[in-house]
1. Given a Förster distance of 45 angstrom, what is the FRET efficiency for Ser117 paired with Lys212, based on the Cβ-Cβ distance and rounded to 0.05?
2. What is the magnitude of the charge dipole of the stretch 4-253 about its Cα centre, with +1 placed on the Cβ of each Lys and Arg, -1 on the Cβ of each Asp and Glu, and no other charges, expressed in debye to the nearest 20?
3. Rank the residues Lys192, Lys204 as a footprinting-exposure proxy: fewest other Cβ atoms within 10 Å of their Cβ go first.
4. Could you work out the relative contact order of the stretch 114-254, using alpha carbon pairs under 8 angstrom and six or more residues apart, expressed as a whole percent?
5. Quick one: grab the alpha carbon gyration tensor of the chain, order the square roots of its eigenvalues as a ≥ b ≥ c, and give me rounded if a/c is under 1.5, else prolate or oblate depending on whether a/b is larger than b/c.
6. Roughly how many nanometres apart are two label points built 7 Å out from the Cα toward the Cβ at Phe250 and Ser74?
7. For a label point 7 Å from the Cα of Ala11 along Cα→C-beta, name the residues of the stretch 193-230 whose backbone N is under 16 Å from it.
8. For the chain, with the dipole built from +1 on Lys and Arg beta-carbon atoms and -1 on Asp and Glu ones, taken about the Cα centre, which of Pro130, Gly169, Ile157 lies farthest toward the positive end?
Amino acid sequence: MKDINDFRRSAYWPGTFLSVGSTVITEIAAQYPFKWLLLDMEHGGFTHDTIVDHLRALGDKPIMAIVRIPTIESGLISKLLDAGADGIMVPHVVSKDQIEICRSYMHYPPVGKRGFSSSVRQYLYGTNVPENASEFNKPLLFAQIEDVEGVLNAEEIAAVNEVDALFVGPADLKLALRYDTSSQLSYEESLKIVAAAAINNQKKAGILLRDKLHFDLVRELGYGCIAIGSDIGMLRSGYLQTIKDLNEFFQNKD
């Protein structure tokens, strides 16, 4: 069984997003030394019926399987954790109330109200059950900051004990800031606020980057949970490069 607490002690958490929903891609990604993989049920092709196949595809790899959920639902969260997910990413977190509700669904009593079964896949169908499930390998919780309200409330969100990371969603946050008429925050200012809130509360500051040119900025701000790109982006850039190479080849034949 993977040691989530050992993961928490790591200084840096490199990861990537998986959206296609192909177990082949999940298996390929798992061959590389990522600390975590994001299985995207919010925008990606992962479903209730197929997610367990991806968790199986990760096998005994020491990679954390984080599932981004579309909504905060007790049944969905408990099913994912029972199936072997190591953590949950919650999109569009704007208040501590949201994250406290999610926390209650993720944890057994006394912290939460998740139901316990020793026969689920998480415990190898009853063959590897810890003595105290309430204390053993508590699941990871990533609170995704994608709204102006979430930025403004970042400190109180990070202060919730079971939150492991404040994770910026750049596309949605930039869109929200474009139409914000109250705070007048810039994107760079927002990144600073989120990073400071995470660090002040001994949590990780996280972000999805599409371009390594932004490394220096987020490194200076203290971001330690970094996802680079996605499977769709890598496929797209790979095909684009292939077309460029082919065009160059045929142009040189003229």
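1. The formula returns an efficiency of 0.55 here.
2. So the magnitude is around 440 debye.
3. Arranged by neighbour count, lowest to highest, Lys192, Lys204 become Lys192, Lys204.
4. Rounded, it is 18 percent for the stretch 114-254.
5. oblate
6. 6.0
7. Within reach of a label on Ala11, which here means backbone N under 16 Å from a point 7 Å along Cα→Cβ, the stretch 193-230 contributes 204-205, 219-226.
8. About the Cα centre, the residue reaching furthest to the positive side is Pro130.
Each value in this text was obtained by applying a stated rule to the coordinates, not by laboratory testing. These numbers come from a predicted model, not from an experiment. Note that each Cβ is placed from the backbone with ideal geometry, even for glycine, and that neighbours are counted across all protein chains shown.
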